[in-house]
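*Asks:* Before I ask anything, here is the structure I am working with.
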Amino acid sequence: MGQGLWRVARNQQLQHQGYSGQGYLTREHGRRIAANNVSNTSHRKQAQGGIDIYHLLKTRKSKEQEGFINLEMLPPELSFTILSYLNATDLCLASCVWQDLANDELLWQGLCKSTWGHCSIYNKNPPLGFSFRKLYMQLDEGSLTFNANPDEGVNYFMSKGILDDSPKEIAKFIFCTRTLNWKKLRIYLDERRDVLDDLVTLHNFRNQFLPNALREFFRHIHAPEERGEYLETLITKFSHRFCACNPDLMRELGLSPDAVYVLCYSLILLSIDLTSPHVKNKMSKREFIRNTRRAAQNISEDFVGHLYDNIYLIGHVAA
């Protein structure tokens, strides 16, 4: 989209070289000149897929100037919709041409909330001179700082009033943000178990199959590379949360948090066994059922068999 918006400069180049705007092409054909034997009308229909924007362009062009349509000449709702597809870099570039449109607060608010879904400052009355464009720059700076040093990154957010000094607020920020380095995040959560506790409670595993719920859990809270106390803590917290979200299922299957803990460890070991190229003799379904029921005797054989099928077909639970 960013490239499309800057078709202005390209069209101006073509005009100086003697080309006209009759052959309006798509992005894929923007660098080609229409062949002599193909009509301009057919090109326009192919480019727009039945929606002929050429006439809209034609009506907006003046005799003195031809090129890509000026967004300021469109209805504001349409202009903002077009600009809402841009990322921050392209929106900054667009502000060089359409300053009033591209600097609109609603556009920058949308960029902030689509990248950082929760910040404490969203729920406060904005201070005097507050700008979502400035906030976006601070959030980006804070994320980069976090990815270098997690503690300094969180302190930066707090110093700017973006985050409150509360484990629950920090957990919500982490849960709704995808710009944080997962390795640094793992280190931070290992040190801040209070934040980890609140982060676990934000997950809703209701009516989810156990391996799928475990995958979702490890997408937000990445598993350590080696077994140890931190991995045991994560699985313990997950087991209790999964049981809390599915009390009826737990009663029906006769499972307790301890039994879910055993199943989670079995699923992780099975994932490694089936996906590792170093393991030549893969565990069979019969072996998995036998080993798992030996550790948790009250578990249904059919249920354990479904667990094996899920790993075999979908893959690792903590990849």
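The values are calculated or read from the model by the stated rules, or taken from the named source; none is laboratory data. Owing to the predicted nature of the structure, the values given are computational and were not obtained by experimental measurement. No Cβ is skipped: glycine too gets one built from the backbone with ideal geometry, and neighbour counts run over all protein chains shown. Surface areas here come from the heavy atoms of the whole protein model, side chains and all, with no ligands, DNA or RNA. Shrake-Rupley method; radii C 1.70, N 1.55, O 1.52, S 1.80 Å.
*Asks:* Please go through the range 204-246 and pick out each residue that is within 14 Å of residue 189 (Cα to Cα) and among the polar types (S, T, N, Q).
*Replies:* If the condition is that a residue be within 14 Å of residue 189 (Cα to Cα) and among the polar types (S, T, N, Q), then 233 is the only one that fits.
*Asks:* Still on this structure, I have one more. Specify the residue that is surrounded by the fewest Cβ atoms within 10 Å (Cβ to Cβ); the eligible residues are those in the range 106-126 that are at pLDDT 85 or above and more than 18 Å from the chain's Cα centre (by Cα).
*Replies:* Looking at the filtered set, the residue picked out is 125.
*Asks:* Okay, moving on. Of the residues in the range 216-255, how many are part of a helix (DSSP H, G or I), closer than 20 Å to residue 174 by Cβ and either open to solvent by 50 Å² or more (accessible area, probe 1.4 Å) or of a type in the set (Val, Ile, Thr) (or both)?
*Replies:* Of the residues in that region, 7 qualify.
*Asks:* Kindly indicate which of 289, 299 is over 29 Å from the mean Cα position of the chain (by Cα) and at pLDDT below 90.
*Replies:* Answer to the selection: 299.
*Asks:* Which residues, taken from the range 149-171, are over 17 Å from residue 191 (Cα atoms) and part of a helix (DSSP H, G or I)?
*Replies:* Selection gives 156, 157, 158, 159.
*Asks:* Report whether or not residue 79 is among the polar types (S, T, N, Q), modelled with pLDDT under 75 and assigned to a helix (DSSP H, G or I).
*Replies:* Taking the combined requirement at face value, the residue satisfies it.
*Asks:* Quickly run through the range 192-208 and pick out the residues that are part of a helix (DSSP H, G or I) and touching a residue at least 40 places away in the same chain (Cβ under 8 Å).
*Replies:* Result: 193, 196, 197, 200, 201.
*Asks:* Hey, can you tell me all the residues within the range 100-133 that are farther than 21 Å from residue 181 by Cβ, among the polar types (S, T, N, Q) and without any contact (Cβ under 8 Å) to a residue 12 or more places away in the chain?
*Replies:* If the condition is that a residue be farther than 21 Å from residue 181 by Cβ, among the polar types (S, T, N, Q) and without any contact (Cβ under 8 Å) to a residue 12 or more places away in the chain, then 123, 125 are the ones that fit.
*Asks:* Taking the range 269-319 on its own, how many of its residues are open to solvent by 100 Å² or more (accessible area, probe 1.4 Å) and hydroxyl-bearing (Ser, Thr, Tyr)?
*Replies:* 1
*Asks:* Between 235, 311, 289, which is in contact (Cβ under 8 Å) with a residue 60 or more places away in the chain and touching a helix residue (DSSP H, G or I) at 6+ places or on another chain (Cβ under 6 Å)?
*Replies:* 311
*Asks:* Residue 113 is checked against (1) under 23 Å from residue 203 (Cβ atoms); (2) part of a helix (DSSP H, G or I); (3) touching an Asp or Glu at 6+ places or on another chain (Cβ under 6 Å) and fails just one. What number does that condition carry?
*Replies:* Of everything listed in (1) under 23 Å from residue 203 (Cβ atoms); (2) part of a helix (DSSP H, G or I); (3) touching an Asp or Glu at 6+ places or on another chain (Cβ under 6 Å), residue 113 misses just condition (3).
*Asks:* Of these, 155, 204, which one is touching a helix residue (DSSP H, G or I) at 6+ places or on another chain (Cβ under 8 Å) and of a type in the set (S, T, N, Q)?
*Replies:* Just a single option satisfies the conditions, and that option is 204.
*Asks:* Can you find a residue in the range 127-147 that is modelled with pLDDT of 95 or more, not β-branched (Val, Ile, Thr) and not in a helix (DSSP H, G or I)?
*Replies:* There is no residue in the range 127-147 that is modelled with pLDDT of 95 or more, not β-branched (Val, Ile, Thr) and not in a helix (DSSP H, G or I).
Residue by residue, here is whether (1) within 19 Å of residue 144 (Cα to Cα); (2) among the charged types (D, E, K, R); (3) buried (at least 18 other Cβ atoms within 10 Å of the Cβ) holds:
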| position | (1), (2), (3) |
| --- | --- |
| 171 | yes, no, yes |
| 181 | yes, no, no |
| 195 | no, no, yes |
| 201 | no, no, no |
| 204 | no, no, no |
| 214 | no, no, yes |
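*Asks:* Same structure, new question: For residues in the range 84-96 being open to solvent by 40 Å² or more (accessible area, probe 1.4 Å) and modelled with pLDDT of 70 or more, which is nearest to residue 173 (Cα to Cα)?
*Replies:* If we take residues in the range 84-96 being open to solvent by 40 Å² or more (accessible area, probe 1.4 Å) and modelled with pLDDT of 70 or more, then 87 is nearest to residue 173 (Cα to Cα).
*Asks:* Can you tell me which condition residue 155 does not meet? The list is (1) closer than 19 Å to residue 141 by Cα; (2) modelled with pLDDT of 95 or more; (3) open to solvent by less than 60 Å² (accessible area, probe 1.4 Å), and all the others hold.
*Replies:* (3)
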